[in-house]
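The structure appears below as structure tokens.
We did not get these values from a lab; they are worked out from the coordinates using the rules stated. Bear in mind that the values here come from a model prediction, so they are computed numbers and not experimental data. Glycine gets a Cβ as well: all are built from the backbone with ideal geometry, and neighbour counts include every protein chain shown.
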Amino acid sequence: MSQMTARIRVLRIFAAAACLPLLASCSLRLPVGSAPLSRLPVSSAPTSQRTETPRDPHVMVWLLADDHHTGVVLPYDWLIESGFVPSAEFPSARYVAMSWGNRDAYSSEGLDNPWKWLRVLFTPTPSVMEMIPIRWEVTEVLPGQRIWRRLTPREHGPQVAAFLNRCLEHDAQGRPIVVAPSSWGGGVQFQSSHSYFIPRVCNVWTAQVIEAMGGEIRPWRAVTAKGLIRQAERPPNDFEQIWAGRKAAEPAGD
């Protein structure tokens with residue numbers, strides 16, 4: 001056995017040993033209840049762009065995915081009427097794209113050095129929840145993503161809002177704490193109250209959002225985007241793919 005191979009093996013053993021107490025003390029799920037919260041104290045009630053739209057019994061929601069990362073798009077007025085509290089300066093929107101993950105990965109610098117990668121791979125790290133306003137059709141704003149959709153009973157809104165509220169740190173006025181602009185789209189990154197670590201990744205957060213909508217997801221089978229999507233497409237979740245992503249949709253060149 002070469003010296004380099006021996007070092008790699010020792011590193012893997014060390015990493016596995018380091019992860020065992022972490023997994024023993026921390027659930028894979030974000031430790032967030034699904035019961036509705038009483039409305040958080042805020043200085044003024046947030047407003048949405050579509051306050052006069054008739055309340056249908058169902059709302060359309062979307063699931064987004066690239067090869068590794070997933071998120072959701074939700075009607076903004078549904079979130080607000082259900083009790084979700086945004087930042088005071090968040091703009092009006094038709095929908096909002098939301099996802100969760102490691103704070104460095106969402107930063108403009110990204111994971112730009114080995115130390116950041118080591119922290120993400122082997123230790124709990126600070127996390128953010130990104131929220132981006134969408135004012136047009138979802139496939140027009142996010143053509144590079146694979147997109148699924150389904151109708152969700154409106155009555156699940158309070159559970160969704162409660163989960164999202166409990167994912168965040170709030171200031172003295174009851175508003176979520178903004179730590180940075182969003183990575184694109186004129187939105188924001190909120191400070192999350194829970195740590196990111198492997199295997200508690202973005203896809204587990206997405207799985208819990210789907211559960212709050214009344215879906216059924218096994219988080220240990222949703223650590224990867226592929227595993228999450230496989231479950232999302234099956235009953236009783238029934239997400240229907242409506243867009244394969246720009247690369248898949250474009251014809252191959254000559």
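Structure notes:
- If the chain linking Ile242 and Arg218 were pulled fully straight, counting 0.36 nm for each residue of separation and taking away their Cα-Cα distance, it would gain 6.3 nm.
- Pairwise FRET efficiency - Glu233 versus Ala180, Cβ, R0 = 25 Å, nearest 0.05: 0.15
- Label-point separation, Ser107 to Ser92 (7 Å along Cα→Cβ), nm: 3.6
- Debye intensity ratio I(q)/I(0), log10, the stretch 56-245, q values 0.08, 0.11, 0.15, 0.17 Å⁻¹ (C-alpha model): -0.23, -0.45, -0.88, -1.16
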